[in-house]
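Below: one structure, written as C-alpha cells.
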Amino acid sequence: MDMKVKKKLGLKERYSIMTRDLGWDTTFQPMDKVFPYDKFEGIKIHDWDKWEDPFRLTMESYWKYQAEKERKLYAIIDAFNQNNGHLNVTDARYINTIKLFLNGVSPLEYMAHRGFAHVGRQLTGVGARVACQMQSIDEIRHIQTQIHSMSNYNKFYNGFHDFTHMHSRLWYLSVPRSFFDDAITAGPFEYMVAIGFAFEYVLTNLLFVPFISGAAYNGDMGAATFGFSAQSDEARHMTLGLECIKFMLEQDPDNLPIVQGWIDKWTWRGTRVLMLVGTMMDYMLPKRVMSWKEAWEIYFEENGGALFKDLARYGIKVPKCAETATIEKEHITHQTWAALYQYGAATNFHTWIPSPEEMDWLSEKYPNTFDKYYRPRLEYWAEETKKGNRFYTETLPQLCQVCQVPMFFTEPSDPTKICCRESDYKEEKFHFCSDHCKEIFDNEPEKYIQAWLPTHQVFQGNCFPEGADPSAPDFDPLAELLKYYHFNVGRDNMDFEGSEDQKNFAAWRDISVKN
Amino acid sequence: MGVIAATTYDFPSADSLDKFHGNLVAYVGWEDHLLFCAPFAFALPPNTSFKSFCEDMLIKAFKYHPDTQKIDWKSVEWFKSGKPWSPDVNKTLAENGLKHKDALRFRTPGLKGIKESCN
C-alpha cells in the first residue's frame, strides 16, 4: 500500500504557522485590556495585519543561524586569547578604546535587550512582537559576546573590572546611560523610533563600522570578530526600524507629526552619544581608519540623506538638528577629548596628548578648525606636562540637563563661545548645550527635571561610599568619589604616559618578540 | 506641550534648592578661555561674599591658566544668563540677587588665552 506523504511545508507557510499563527485574540478579556500600552502615545493603528515582516525568519532557523555564528566567533576568540593576541595590537593606547566600548556601549546592548522585550509585550500586533522578540535575543547575545571577547583584556589591563557598577555612576557614562533610560521610559512606539530607527538605522553605521574597522586596523581580532558576528543582526535591526516607521506612517496621517517629532528628538540624542565614538576614531586609535568628519559625511550626510529622500514620500523631513550636527562635525571630537583629558583623574581609561605626527593628521583632516582652535590648547598642555604640570581639573563641570554632556559645545556660529541655553520651569532654571536639547526639554519638562546629573549628585552628597563623612575636616571629595566609582586609583585613571598598562604592555611585548 | 504618559505623571525635580544642604549651585564660565572645557559648577552658601567667591574659589578653580594671575577683578565684565550683570563685590551672593542654578560668565578685557587663541 502506498503511504500518503504530506508535502513538506513551503517557506512561506512555515513562516506564517511559526510566527503570526502563534498569536490569537483573547476572549475572556478584551484585547485593549491585555495590551493597554500601545495607544496612549497617540499613534493610530487600524490594521496590524498590514505589518510587513522585514525578515521572514522563524525561531527555528534563527537559532540555527545564530549557533553557526557563535561557533565561528568562539573559535576565533579562543585562538586570539591562547596566542596572546592582545600583544599584537598596534600599541597599548588602543586598549583604552576597548575600555570605553565595554563601559559605555556594551551596557546599552543589555538595555536594548530589555527594551525590546518590554515593547514586544506592549504591542498588539503579533508580527511586530515576534520581530521584537528576536531583536531582544540578539541584543543579549551582543552583550554576552562582547563581554566574552573583552574579558581577556581584563586579565591583563586596568579599567575593565567593574563596568556594570561604573556604567550607572561615572560622570561621563551618564551620557550613554541617560540616553537609554530616556528611551526605555518612553512608550512602545517612541522606543521603536528611538532605538529601532534613529539609533539602529540612522546612526548604527557610525557606531559599528568605525569601531569594528578600527579594531581590525589595530590588530584586535577579538573585537573585530564580535563586530562581524553582530553585523548581520544589525542589518535585520535596521530593517525592523524602517519597517516600523513606514507602518506607522501608512496606518494614519495623524501619525506623521508624532513620528517626525520623535525622529527629530532621537537623531539628536543619538548624535550626542556618538561623539564618544568620534573621539575614539580621531584621538584613541593609534592607527586611524578615517576621521569622524569623514565618517559623518559618508554615513550621515550621504547615506542618511538617501534614506530621508526615500521617506519624503511619506512626508518625513530631514531632522532639524542635521544642520547643527553638520557644523559640529569639525569640532566635537576635539572638544570631547579636551574634556576627557582634563577630567582624566576621573575616567576609568587613560588619556594623553596626541603625538606631533598625530596632530598633523588632525590638521590635515580638519583644515578649518584644528590648528586655529584646538592645537594651541593641546600644545600648551603638552609643554606643561613636560614641566611636570599635567592638567587635571578638580572642579566639576556644568552639565546639559538633557544629554548630560558637560557644557563644552560651542555656538554653531562662533567656535570661541560656549553654547548656553536655558529654560525656566516651575521656578527652577535648567541649562542646555544646544537649541535641540532645549527643545527636547521644553516639550517634556516633567521628564527631564528628574535627570540624575552627576555634578549635582556629588553636591547633594549622593556619590560617596557608605560611611563617608563630608563634614569631617579631612574629607577629600575626589578621593571619596573615586572610591564610590570603584576605581583602582592610579591604575585605572590618569595619563597613559607612566601608566601600569603602558609598562606591562611594553614588557610583555618585549618578551614575546625577543629571547 | 508636556509629557504624554499612560497615567498621572508628576515627579519632583532632582535638583531643587532644598536638596543641596543649604547651598546654592552657581555655574561660572570664563570667556575666551576654552582651555577649561566647560563652565565650572559650584555649590556654596548664599551668604558667601562675592569677593571671596572670586578671589578664593574662582582663582583656585582657574589657577592652571597663566592668565589667572593677570585678572583685574575691578575691570571684569559679568554676564548672568548672557545679559550684562553688575554685582557688588562687597555684598554676598544672595544680596547680589544670585539664584539657585544661575549661570554666570565673566570676560577679562585684554586677556584672550594662550597665544590669543581663546584657549
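The values are calculated or read from the model by the stated rules, or taken from the named source; none is laboratory data. As the structure is a prediction and not an experimental result, all values here were calculated from the model. In this analysis, Cβ positions are derived from the backbone assuming ideal geometry, glycine residues included, and neighbour counts consider all displayed protein chains. The protein model used for the area step is the full one, side chains on, heavy atoms only, and it has no ligands, DNA or RNA in it. Shrake-Rupley method; radii C 1.70, N 1.55, O 1.52, S 1.80 Å.
A full extension of the chain between A:Leu22 and A:Lys417 corresponds to an added length of 136.4 nm, given 0.36 nm per residue minus the alpha carbon distance. Entry note, chain A: the mean residue ellipticity at 222 nm calculated from DSSP H runs of n ≥ 4, each adding -39500 (n - 2.57), is -16500 deg cm²/dmol after division by the residues and rounding to the nearest 500.
For the pairs A:Lys99/A:Lys386; A:Lys329/B:Lys60; A:Lys426/B:Lys60; A:Lys365/A:Lys429, note any where the Cα-Cα span goes beyond 31 Å. In this structure, A:Lys329/B:Lys60; A:Lys426/B:Lys60; A:Lys365/A:Lys429 lie more than 31 Å apart at Cα. Taking chymotrypsin sites (Phe, Trp or Tyr not before Pro) across region A:291-322, none is in a DSSP loop with at most 16 further Cβ atoms lying within 10 angstrom of its Cβ. Placing pseudo-labels 7 Å out from each Cα toward the beta carbon at A:Glu297 and A:Arg56 gives an inter-label distance of 4.2 nm. For chain A, the equivalent ellipsoid built from the Cα gyration tensor has semi-axes of 40, 29, 22 Å, listed from largest to smallest.
Remark: accessible area buried at the A-B interface is about 4100 Å², both chains counted, probe radius 1.4 Å.
Converting phi to 3J(HN,Hα) with the Karplus coefficients 6.51, -1.76 and 1.60 and the offset θ = phi - 60°, region A:71-83 yields 4, 5, 4, 5, 5, 5, 4, 4, 4, 4, 5, 5, 9 Hz in sequence order, with x at every glycine or proline. Scattering from region A:291-354 was approximated by placing one identical point on each alpha carbon and applying the Debye formula without solvent; log10 I(q)/I(0) at 0.23 1/Å stands at -0.94. The loop-placed GluC sites (Glu not before Pro) in region A:353-438, going by DSSP, that have at most 14 neighbouring Cβ atoms within 10 Å of their Cβ come out as A:Glu394, A:Glu427. Listed values for region A:5-21 are Karplus-derived 3J(HN,Hα) couplings in whole Hz (6.51 cos²θ - 1.76 cosθ + 1.60, θ = phi - 60°), namely 9, 6, 5, 4, 5, x, 4, 5, 5, 4, 4, 5, 5, 8, 10, 4, 5, and x replaces Gly and Pro.
Across region A:335-351, computed HN-Hα scalar couplings (Karplus, 6.51 cos²θ - 1.76 cosθ + 1.60, θ = phi - 60°) run 5, 5, 5, 4, 5, 4, 5, 6, 9, x, 6, 10, 10, 8, 9, 8, 10 Hz from first to last residue, x flagging Gly and Pro. Given a 1.4 Å probe and the protein chains as shown, A:Ser471 ends up with an accessible area of around 100 Å².
Each label point was placed 7 Å from the Cα along the Cα-to-Cβ direction; for B:Asp72 and A:Asn84 their separation is 6.3 nm.
For A:Lys417, the amide hydrogen comes within under 5 Å of the amide hydrogens of A:Glu411, counting only partners 5 or more places away or on other chains and with H modelled in the peptide plane. Loop sites by DSSP among the trypsin sites (Lys or Arg not before Pro) of chain A, restricted to those with at most 11 other Cβ atoms within 10 angstrom, leave A:156-386 as the longest stretch without any of them. Per residue, the accessible area of region B:22-116 comes to 45 Å², computed with a 1.4 Å probe over protein heavy atoms only.
Looking at region B:22-116, the DSSP beta bridges with both ends there are about 70 percent antiparallel. Amide H to amide H, with H built 1.01 Å from N, B:Thr92 comes under 5 Å of B:Phe50, counting only residues 5 or more places away or on other chains.
With a Förster radius of 30 Å, plug the Cβ-Cβ distance of A:Val34 and A:Arg114 into 1/(1 + (r/R0)^6) and report the FRET value to the nearest 0.05. Show your work: numbers first, answer last.
Working: r = 21 Å, r/R0 = 0.70.
Efficiency computed from Cβ-Cβ geometry: 0.90.
At a threshold of 8 angstrom on Cα-Cα distance, excluding pairs fewer than six apart, so keeping six or more, what relative contact order does region B:22-116 reach in percent? Once normalised by length, the contact order is 42 percent. Relative to its residue count, region B:22-116 spans a Cα convex hull of 90 Å³ per residue. Heavy atoms of the protein chains alone define the surface here; on that basis chain A has 42 Å² accessible area per residue at 1.4 Å probe size.
Provide the gained length on full extension for the span A:Lys287 to A:Ser151, in nm with one decimal, where the gain is 0.36 nm per separating residue minus the Cα-Cα distance.
Roughly 46.7 nm would be gained on extension.
Hey, with R₀ at 56 Å, roughly what FRET efficiency would A:His165 and A:Asp310 work out to, going by the Cβ-Cβ distance, to 0.05?
Calculated value: 0.85.
Over region B:22-116, with every protein chain in place, what whole percent of the accessible area is carbon and sulfur at 1.4 Å, could you tell me? Answer for region B:22-116 is 51 percent, counting heavy atoms of protein chains only.
With all protein chains in place and a 1.4 Å probe, the accessible surface of chain A carries 55 percent carbon and sulfur.
Which whole number gives the average count of other chain Cβ atoms within 10 Å of the Cβ atoms across peptide B:7-16? The partial results should precede the final answer.
Values: counts 1, 0, 3, 1, 4, 3, 11, 11, 14, 4.
Mean shielding count: 5.
Only aspartates and glutamates eight or more places from B:Lys83 in sequence, or on another chain, were considered; those with a Cα closer than 17 Å are A:Glu411, A:Glu422, A:Asp424, B:Glu31, B:Asp32, B:Asp102.
At an R0 of 45 angstrom, the distance between the Cβ atoms of B:Ala94 and A:Asn504 translates into a FRET efficiency of 0.25.
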